[in-house]
1. Please report the spacing between the Cα centers of the range 153-198 and the range 85-121 in Å, no decimals.
2. Find the relative contact order for the chain and round it to a whole percent, using C-alpha pairs within less than 8 Å whose residues are 6+ positions apart.
3. Where Lys and Arg each count +1 and Asp and Glu each count -1, what net charge lies around Ile189 among other residues with Cβ under 13 Å from its Cβ?
4. Any idea what angle helix 14-23 forms with the longest principal axis of the chain, computed on alpha-carbon atoms, 0 to 90 degrees, nearest 10?
5. Add -39500 (n - 2.57) for each DSSP H run of 4 or more in the chain, then divide by its residues: what number comes out at 222 nm, to the nearest 500 deg cm²/dmol?
6. What does the highest-first list of 54-60, 93-99, 185-191, 197-203 look like by mean Cβ count within 10 Å?
Amino acid sequence: MTAALPPQALAWDRAEFERQLRAKGAGYHIHHRFNLRMNGGQCTPDEIRCWVANRFYYQICIPRKDAAIIANMPDREHRRKWVDRILDHDGFGDYEGSSAGGIEAWTRLGEAVGLSRDALWSLDLVVPGVRFACDAYVNFARQAPWQEAVCSSLTEMFAPQIHKDRLATWPTHYPWIEADGLQYFRSRIPLATRDVEHGLQVTLDHFTTRPAQQRALDILQFKLDVLWSMLDAIEKACCHD
């Protein structure tokens, strides 16, 4: 935990506060050893399948996390914006094609790497460390003030690059993966960019004192730790060097 700031510490202006938030990207799991191996073509098919199966648990936790945030939002205007995140993952309309949602897109990724739908949805392949990290994130979103839960979502600032990296490297390194299975990564690039705009506005508006801004950085670090811990657990489960 960060040391307490002196009472006289001046708040950062919005531009500097945003810069401090974005600087947290240095700890994003794009830099994790397992992710570097995966994008470098060094993972076996079993390791890829292990990653997809475990990351699926995170995917199905996202709309639960967002529903918890909405439950704590008193402002209808914010709820109207945030509800799109649930629909993005659970699907909407006729639930076909682009309306099927991110969870269905991830299911198709699972099938593309050789996992059956039943195997993925059974969650039998999810290791305890991944469950613990994801559940901790959902519980945080349920119990924290909604502005803090919104702040924790700002790891989305760093997400487009990790998806672009997979789209750039996987077709070459893992040609055995059906190309249609990569649609999840394509779809998340514009959606993450859209979501950041709202989440960043809430965070910049709410955390206006220096201690509060430091609290926001600590919250963002917590979410970064969740994602990093997930990969630690996945690496231990998947790799047998």
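Every number in this text was worked out from the coordinates using simple rules, so none of it is lab data. Everything numeric here is computed off the predicted structure, so don't read it as measured data. In this analysis, Cβ positions are derived from the backbone assuming ideal geometry, glycine residues included, and neighbour counts consider all displayed protein chains.
1. Answer, in whole Å: 15.
2. 34 percent
3. Taking every Cβ under 13 Å from that of Ile189, the sum is +1.
4. The helix 14-23 is inclined about 30 degrees to the chain.
5. Taking each H run of at least 4 residues, the total per residue is -22500 deg cm²/dmol.
6. Sorting 54-60, 93-99, 185-191, 197-203 by mean packing, highest first, produces 54-60, 197-203, 185-191, 93-99.
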